[in-house]
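The values are calculated or read from the model by the stated rules, or taken from the named source; none is laboratory data. None of the values given here were measured: they were computed from a predicted structure. Heads up, the Cβs are rebuilt from the backbone with ideal geometry, glycines too, and the neighbour counts pull from every protein chain shown. Remember, those area values only see protein heavy atoms, side chains included, never the ligands or the DNA or RNA. Shrake-Rupley method; radii C 1.70, N 1.55, O 1.52, S 1.80 Å.
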Amino acid sequence: MYADDETVRRILQDTGDTWAVVGLSTNRSRAAYGVAEVLQRFGKRVVPVHPKAEPVHGEQGYASLADIPFPVDVVDVFVNGDLAGAVADDAVAVGAKAVWFQLGVIDEEAYGRTRAAGLSMVMDRCPAIEIPRLGPSR
């Protein structure tokens with residue numbers, strides 16, 4: 001288990017409402033698209049991060065976390081596990097407060113580095129599942 005319910009609840013309720021969703025594009029068939037909709041419905045600002053930098057769900061997209069010109073609270077990672085560690089390192093570099101690796105995205109070394117840098121982190125869970133179970137009631 002890579003995060004207890006209290007960590008999940010703290011990220012969802014207390015860590016802030018600006019979520020950078022890495023891997024979010026206009027492709028409606030991808031999980032990131034639907035999860036971003038759920039995050040918005042529960043009051044989160046969703047910032048798409050994808051090489052195409054396309055606007056998604058009414059928010060301007062950016063090619064990388066470093067390109068986002070405002071603070072990000074949580075970095076939600078929808079990329080292949082081989083790439084996720086670099087995204088977690090980028091999240092630390094931009095001053096995010098938490099990193100969330102989606103279902104199936106596991107990198108134990110990245111988890112250790114991210115936690116050592118003082119960030120909260122969740123791996124192998126989905127906020128669209130956790131919000132109704134544990135999160136904010138809005």
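Is it the case, given these coordinates, that TRP19 is open to solvent by less than 40 Å² (accessible area, probe 1.4 Å), assigned to a strand (DSSP E or B) and in contact with a Lys or Arg (Cβ under 7 Å, 6 or more places away or on another chain)?
Working: open to solvent by less than 40 Å² (accessible area, probe 1.4 Å): yes; assigned to a strand (DSSP E or B): yes; in contact with a Lys or Arg (Cβ under 7 Å, 6 or more places away or on another chain): yes.
For TRP19, the condition - open to solvent by less than 40 Å² (accessible area, probe 1.4 Å), assigned to a strand (DSSP E or B) and in contact with a Lys or Arg (Cβ under 7 Å, 6 or more places away or on another chain) - is met.
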Just checking, which of LEU24, LEU39 is open to solvent by less than 20 Å² (accessible area, probe 1.4 Å), assigned to a loop (DSSP other than H, G, I, E, B) and under 16 Å from ALA128 (Cα atoms)? LEU24
How many residues does the stretch 79-96 contain that are in contact with a strand residue (DSSP E or B) (Cβ under 7 Å, 6 or more places away or on another chain), at pLDDT 95 or above and in a loop (DSSP other than H, G, I, E, B)? 1
Filtered residues of the stretch 97-138 (kept if open to solvent by 70 Å² or more (accessible area, probe 1.4 Å) and part of a loop (DSSP other than H, G, I, E, B)): LYS97, LEU103, ILE106, SER137, ARG138
Just a yes or no: is a residue in the stretch 17-33 in contact (Cβ under 8 Å) with a residue 12 or more places away in the chain, within 14 Å of CYS126 (Cα to Cα) and either basic (Lys, Arg) or touching a Cys at 6+ places or on another chain (Cβ under 9 Å) (or both)? yes
